[in-house]
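What follows is a short report on a single structure.
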Protein chains: 2
Amino acid sequence: MSKFVSKRNISFMIKEIFDSKFLTDFDYYSRHNEKMFDMVIDAALKLAVKLMYPVLEKMDRNPPVLENGEVKVHKAVKKIMKEFGQGGWIASGFSEAHGGDQIPLIIRGTASFIFAASNYSATAYPELTAGAAELITSFGSKELIDTYVPKMLDGKWQGTMALTEPQAGSSLSDIITTAYPDENGHYKIKGVKTFISAGDHDGVENVIHLMLAKIENAPPGAKGISLFVVPKKRLDKKGHLVSNDITVASIYHKLGYRGAPAAELSMGEKDDCQGWLVGEENKGLIHMFQMMNDARILVGLASCAIASAAYYAALEYTEKRPQGRPVTQKDPLTKQIPIIEHADVKRMLLFQKSVVEGSLSLILQCCMYADLMKVSKGEEKEKYALLLDLLTPVAKAFPSEQGIFSTSTAIQCFGGYGYCEDFPVEQYLRDVRIHAIHEGTTGIQGMDLLGRKMVMKNGKAALLFMEEVKQTIKTAKEATELEYFAKELGKAMKELEKVAGFLFNVAGEKGIDVYLSDATLFLEFYSLIVISWQWLIQGIAAQKALSGNCSKKDTHFYNGKLFTMNYFFRYELPKAYSLAARLMDNDNLTVNMKTAYFKD
Amino acid sequence: MSKFVSKRNISFMIKEIFDSKFLTDFDYYSRHNEKMFDMVIDAALKLAVKLMYPVLEKMDRNPPVLENGEVKVHKAVKKIMKEFGQGGWIASGFSEAHGGDQIPLIIRGTASFIFAASNYSATAYPELTAGAAELITSFGSKELIDTYVPKMLDGKWQGTMALTEPQAGSSLSDIITTAYPDENGHYKIKGVKTFISAGDHDGVENVIHLMLAKIENAPPGAKGISLFVVPKKRLDKKGHLVSNDITVASIYHKLGYRGAPAAELSMGEKDDCQGWLVGEENKGLIHMFQMMNDARILVGLASCAIASAAYYAALEYTEKRPQGRPVTQKDPLTKQIPIIEHADVKRMLLFQKSVVEGSLSLILQCCMYADLMKVSKGEEKEKYALLLDLLTPVAKAFPSEQGIFSTSTAIQCFGGYGYCEDFPVEQYLRDVRIHAIHEGTTGIQGMDLLGRKMVMKNGKAALLFMEEVKQTIKTAKEATELEYFAKELGKAMKELEKVAGFLFNVAGEKGIDVYLSDATLFLEFYSLIVISWQWLIQGIAAQKALSGNCSKKDTHFYNGKLFTMNYFFRYELPKAYSLAARLMDNDNLTVNMKTAYFKD
């Protein structure tokens, strides 16, 4: 059994960085205490080690198959859904009123991180179910809630997000799945959905799709989209499950994420597929985005979880693998050294560590904002909501993009062995690659950040973020050892102001299309600053701990934190300036480039 | 059949950029003329389309298996080896004295590019055979040449490079395979070699390993390594092929490059494996490096070939796939546009195009240096040899590293479909990933560039390179449209001088270990400048063509070149400055980082 997460780092995050126990001072979380949080984490680790990790490779090598119209998945899935249901994991974040435990997201999210690091595909089943059930509890009628939610939280019924259609991938406003009102007050659904994760399988009794569709004669575009519950099997009058006329047209053979099926579904081929409206007519996209925003954070979390597993695999290997000698040692008769002692290998490991722990820190920061949002009011509630909104595209895109490089770097640490199935890192690269695509591609995240989040409420979120960073810089300045980092982050924030100012001018003078043309790079630029901020927060805590009484083990741990912060500031943050130079170039290159010029 | 290379770009390269027909003025190449070069390229394209591309996916899905001690490969391999042998492809670069055609490397290399773009795994068989045969002709006795080379050039016998051992990957000085002199003047070989590409298979009658081993009692380290021919089957006195006691211990299941086996071989388990010395005793590593340097160029070529195939797949898809509307078009009733019209998609395509065509240009530049080296003498010969030596690590590492990002970006252009086996791009990412590892990892290339090539002969190669670039800048300055690019490249060259000067100081003051600690990043930095230089060369040719009479089609082509040069200078070259800042940081971070700090 290889290590896939660091327990010490998790404790550092939820105790030393985010002091999550203070949440229990709020009424909503008051049933919990720190010990209970520890127990949740321990239980998650045990479940991951016992149930998830052992089938990581097996689920990859034995992907789902479509047989006689039904998707057969690895037999472990049934067990996992049962354990996640009966163990209360699917429900744990729900309110007590809905059968949950009201566990703060920062704790539940940490558990998700552990699960995804042990076996990402396996987590898709319960996590999607939790997200779908939450959507029903938020906007569905009591009848819908009573019918579906308990079975979902129990792990007996699978939940899905059914958005994408073959002719409308990223462009949701172009979906054509249609809902025809019928005499019973519900709808007949007709259409095709594609890439539906866990869209059908034999590990559960039923599959509940939270599906976007347009009610017949609804307004065109996004304003005419509604949200429906469309089950694979519906209940007949006697309470028996009967077919609801959904056909699995095909499943995809994928590069990775092979433990979970992505299905193409066809609804209403026999004109007998029923759907139930969730929330208001034509408000489907708004409703769905509640689940979507959570899903984006989860995607970021899963990305850094996979990168974490790859990092610890690489770390273990580089510590054991002897190869070569110090650069200054020419005598071939001396012993070879473990490759971790080569500077370039240390660089590769520091890069991975900086991505994994920097990303996790940002995501838990987002979870903390969500937890605080839940228990606060007015101004304050708005503040947390805005910060969460602003940072969601970063929390989704940075880990998923850097996760590709990070897992690829883990392969590089293994050399030729990393390219082979004998070690898990090649699977980690395949698994992580989906995350820059699903739940909104990186391009979509860039447009969301620059086109929406940076400018919403007159830039209020962006200003709140600057305040947060200023606060961190101020604290850092109190320790002389951190002065350099405080200064560098301050400098980067100035550069951000400059770039943002430049781009706002562009928007005014040249139009929104030029303004948004390098949105993906703006996101990359912004992310480097955001992650540096998270590293400075970690550096402050590490420096403080080191100045007190510290065991040898802890001294090593905190020094590791300081070196990794150093790495991020000295190897990664400088990239922000190249990106800034690019973003303030006036050429409009990609707007002017013509399709015809690509020919030949 | 999808496009995998641009015929137009190939013609641009070998005619407009490198004017390869002028090589026929030299005696050695005088049997050829431009028309014959064209025929070679056309024949390569036909072979790639007819024989290689159709089995690209099939060879991936049906990888080699080890059955009863022999490796079974896809049946296409036999056909491919036969065609490459009988068609004269394996021999084409050889001198006439050795049964070849004396085709310049720039033409033969272009054919290799075409083959690798159509099906990389398939090309490994003949290309490795050509390299191994060349090593025998260069250093082997007449007897060895007569025994092995004709069968190899005919495609009947496979050639391999057998260097790596389980305990000695990148550290060749630690190999322990031993050659014991016997009474017949040859050697008994004992040892294990691993990751041997095409190390055994049933597509040929015999496999000829060019193997590194240490003669019993040879000096320790690299100075005691010799080169041997070790055949799978040797000829007995009657001229029959009999077993030479090599056992296939296992073959690897790999992420990609699945069409060719990587085998672990055990020599001399029955004490009956014979080897024949090639060249001088204890000079094996020096001899092998002739093949190794060619192999590194070929790896770079294959990387940009795979990236080329991925790019054209992405281009085709993005031109056909409608999705979304212009940013300024809010009306959902208007038609969706092909995604190639979105700025971010154009950026992704320009990135791929800049990597593919920039890398190809550099590699053909290296081929041209090799061709000129062959036919020149004294000072001039040395100049070409030094430039080739200097640029080889760049030609290997830039395409293989950027090839990962480029193919990954091709996947991104496809969205979810790119993650599925329905399109070839996921295979291209898997296939290309090996290239940053085999024939010397990127880390090894960085050490080679900074530790050896930059300083050899008192930096003479580095100075010659500066002269080459200065010449290009001078030419560029003659066209006002290119002034910006001439200036930017000049600026980057100044930065290079600064960085190199800084690092040479570090070497003196802090020692060679600190000097080399960021060698990989120096390679990245240097590569950005080298590729910018190649783009400026292309820009000069395009600008010149545009100022004359140009068909509409050609106008588009040359504008494509100018936009892509623009892209590289404005999006990629700026990254050199972040890298320079990093390289001139004084922290020695990766040297000081301790293994213990990674724990926990």
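A short reminder: the numbers here are calculations on the coordinates, not readings from a lab. Keep in mind that this is a model prediction, so the values were computed, not measured. FYI the Cβ positions are ideal-geometry reconstructions off the backbone, even for glycines, and counts take in every protein chain you see.
As a calculated quantity, the FRET efficiency between B:THR334 and B:SER138 at R0 = 51 Å, using C-beta atoms, amounts to about 0.20. All C-alpha pair distances within region B:441-593, sorted into 10 Å bins from zero, spread as 10, 36, 29, 16, 7, 2, 0 percent across the bins.
The order of B:LEU388, B:LEU350, going from fewest to most other C-beta atoms within 10 Å of their C-beta, is B:LEU388, B:LEU350.
Using a simple spin-label model with pseudo-atoms 7 Å out from Cα toward Cβ, A:LEU241 and A:ASP42 lie 3.6 nm apart. For B:LYS190, a cut-off of 18 angstrom between C-alpha atoms picks up these aspartates and glutamates, skipping any fewer than 8 places away in its own chain: B:GLU165, B:ASP174, B:ASP182, B:ASP200, B:GLU216, B:ASP245, B:GLU264, B:GLU269, B:ASP271, B:ASP272, B:GLU281. For B:LYS491, the aspartates and glutamates whose Cα falls under 14 Å of its own Cα, not counting residues fewer than eight places away in the same chain, are B:GLU483. Using the alpha-carbon positions of the protein assembly as shown, Rg (one decimal) and Dmax (whole number) come out as 30.6, 98 Å. Computed from phi, the 3J(HN,Hα) profile of region B:109-123 under the Karplus parametrisation 6.51, -1.76, 1.60 (θ = phi - 60°) reads x, 5, 4, 4, 4, 4, 4, 5, 5, 7, 4, 4, 4, 4, 6 Hz, with x in place of Gly and Pro. Computed from the C-beta positions of A:VAL591 and B:MET466 and an R0 of 41 Å, the FRET efficiency is 0.70 to the nearest 0.05. Measuring r between the beta carbons of B:LYS15 and B:LYS487 and using R0 = 25 Å, the FRET efficiency lands at 0.30. Give me the one-decimal nm value for the distance between modelled label points at B:ASP202 and A:SER551, 7 Å along each residue's Cα-to-Cβ direction. Going from the B:ASP202 label point to the A:SER551 one covers 5.9 nm. Would you work out which of B:PHE522, B:GLY508, B:ALA486 lies farthest towards the positive end of the dipole of region B:477-528, given +1 charges on the beta-carbon of Lys and Arg and -1 on that of Asp and Glu, about the Cα centre? Highest projection toward the positive end goes to B:GLY508.
Straight-distance candidates among the aspartates and glutamates for linking to B:LYS552, with alpha-carbon spacing under 15 Å and chain neighbours fewer than 8 residues away dropped: A:ASP600. Summing Cβ point charges (Lys, Arg +1; Asp, Glu -1) relative to the Cα centre of the protein assembly as shown gives a dipole of roughly 300 debye. With a threshold of 18 Å on the Cα-Cα distance, the over-threshold entries among A:LYS58/B:LYS193; A:LYS7/A:LYS35; A:LYS599/B:LYS553 are A:LYS58/B:LYS193. Considering only B:LEU227, B:GLY268, B:ALA249, and ranking their Cα positions along the charge dipole of region B:209-274 that arises from unit charges at the beta-carbon of Lys, Arg, Asp and Glu, the one farthest toward the positive end is B:LEU227.
Computed from backbone phi with θ = phi - 60° and the Karplus coefficients 6.51, -1.76 and 1.60, the 3J(HN,Hα) list for region A:261-270 is x, 10, 10, 9, 10, 10, 9, x, 4, 9 Hz; x is used for glycine and proline. Prolate is the label for region A:486-560. Its Cα gyration tensor axes, ordered a ≥ b ≥ c, give a/c of at least 1.5 and a/b above b/c. Taking every DSSP beta bridge that has both ends in the protein assembly as shown, the antiparallel portion is near 80%. What you get for region B:3-71, charging only the Cβ of Lys and Arg (+1) and of Asp and Glu (-1), is a dipole of about 360 debye around the Cα centre.
What average number of partner chain Cβ atoms lie no more than 10 Å from the Cβ of the residues making up B:344-353?
Going residue by residue through B:344-353 and averaging, the value is 5.
Going from the residue with the fewest nearby Cβ atoms within 10 Å to the one with the most, A:VAL345, A:VAL230 rank A:VAL345, A:VAL230. Across the cross-link table entries B:LYS21/B:LYS396; B:LYS487/B:LYS544; A:LYS383/A:LYS457; A:LYS72/A:LYS142; A:LYS457/A:LYS575; A:LYS15/A:LYS453, which are compared at the Cα atoms, the separations over 22 Å belong to B:LYS21/B:LYS396; A:LYS72/A:LYS142; A:LYS457/A:LYS575; A:LYS15/A:LYS453. Computed per residue of the protein assembly as shown from DSSP H runs no shorter than four, each worth -39500 (n - 2.57), the mean residue ellipticity at 222 nm is -17500 deg cm²/dmol. Per-residue Cβ neighbour counts within 10 Å put B:HIS342, A:HIS253, A:HIS209, A:HIS438 in the sequence A:HIS253, A:HIS438, B:HIS342, A:HIS209, beginning with the fewest.
Taken along the Cα-to-beta-carbon direction at a fixed 7 Å, the label points for A:GLU96 and A:LYS544 span 3.2 nm.
Restricting to chain B, what percent of DSSP beta bridges are antiparallel, rounded to 5?
Antiparallel bridges make up about 80 percent of those DSSP assigns within chain B.
Quick one: Kirkwood hydrodynamic radius for chain B, alpha-carbon pairs, angstrom, one decimal?
25.3 Å
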